[in-house]
1. Ignoring ligands and nucleic acids, what accessible area does A:Ser125 show with a 1.4 Å probe (Å², nearest 10)?
2. Obtain the nm distance between the two label points defined at B:Asp112 and A:Arg151 by a simple spin-label model: each point lies 7 Å from its Cα along the Cα-to-C-beta direction.
3. For A:Glu108, what accessible surface area do you get with a 1.4 Å probe? Give it in Å², rounded to 10.
4. If you project the alpha carbons of the range A:71-149 onto the principal axes, what extent comes out on each, in Å, largest first?
5. When the accessible area of the range B:38-179 is split by element with a 1.4 Å probe, what percent falls to carbon and sulfur?
6. To the nearest 100 Å², how much accessible surface do chains B and A cover up together, summed over both, with a 1.4 Å probe?
7. Do any trypsin sites (Lys or Arg not before Pro) in the range B:78-139 lie in a loop, going by DSSP, with at most 16 other beta-carbon atoms within 10 Å of their beta carbon, and if so which?
8. Among A:Arg82, B:Arg150, B:Arg66, what's the order by accessible area (1.4 angstrom probe), most exposed first?
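The values are calculated or read from the model by the stated rules, or taken from the named source; none is laboratory data. The model shown is predicted, which means the values in this text are computed figures rather than measured ones. When we count neighbours, we look across all protein chains shown, and the Cβ atoms used for this are built from the backbone with ideal geometry, even at glycine. These accessible areas exclude ligands, DNA and RNA; they are computed on the full protein's heavy atoms, side chains included. Shrake-Rupley method; radii C 1.70, N 1.55, O 1.52, S 1.80 Å.
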Amino acid sequence: MSNGNEETLLPPFKKKHRSKVKISPPLLPLIDVMFTLLMFFLVAARAITTEGMLPSNLPEVGKSNMTAVAVRISLVSDAAGRPAVYQVEGESRREFQTAEQLHVYLEEIKKRLGPDTPIKISPQSLVRWEDVVNAFNQAQRVQFKKVGFERFNG
Amino acid sequence: MSGSSSVYGGHGPAGDVSFNYTPLVDVTFNLIIYFVLTSQISTANDARVFLPKPNVFAGETSAKIREGQQGYTVISVLSKSIKTKDEDPAEIAKASEAERYEIDGVPVPISDNAAGQLENKIKEKRKSLKEAGLLKKPEDFFVEVRADKRVQYRYVMPVIMAAAAAEVKKFNITAISDQ
């Protein structure tokens, strides 16, 4: 019977049977960007190398206190780009092919003459900078206190 | 006839065939993180300088020397060759020649007057640092030489002479300290 205040009867709630749709973000643009980044780093970057410095003190021009040079390390190369030979002039004249051999000899000199012995590095003009740095490094390694460079000698 | 088939062929159930991107993304992310952490971006300052590598490095790390220090100038000596390994005698000879100097990235041509130009630029740099209040003591100022390991000594000597003429007390030679 209707009383004018009819309630609409709704059908009982039923769980909708949703179809299982897999939702996933579009990965392709992400991969594109990542590959671009990867390419950038591969091309613009290089493997990290630990850099160091060999510190030295410079005298004023013409006022070097290395007047009495006890040991002179001459670097001689027969052609541009070729490894240099280390010729040490001191108490005697010795020649070394490698920086490690030079190091051993400098250790002996330090034991005999002490760390205050002036060492002068005298490279030829066409000697590679790497060989000069190696000679300087060996003198630093042995902890000589006075190590200097000479203008190239030919 | 079925509208689709499994990737293995045969008569599998119909469905979308898709590639699993997740492991690919994982690997790529790992590679990117690796490169971000272990690399340094090439800069114009030192892009073409192959530093010497002594067998047992006796100096200190650049980071330690530069720590809290702003009063320095970097002079690079660049080789004419950018190839790292070449057995060709012509290329070796080319690599032993310097192309130019660079002082804090500013090129200075190779010439008889290069030492004089470098000396003036070192003095200018020290003066500007002093005026900007970045140099507490003038003797703290140092010159760092980044020369290509292959160039001849005659190209590096003017840098040493310029630093000495500019009355710089400290002169640091940069090399690779990896053992």
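1. 20
2. For B:Asp112 paired with A:Arg151, the spin-label model returns 1.4 nm.
3. 80
4. Dimensions of the range A:71-149 along the principal axes of its Cα atoms: 35, 20, 17 Å.
5. 51
6. 5100
7. Loop-located and lightly packed - B:Lys83, B:Lys85, B:Lys136.
8. A:Arg82, B:Arg66, B:Arg150
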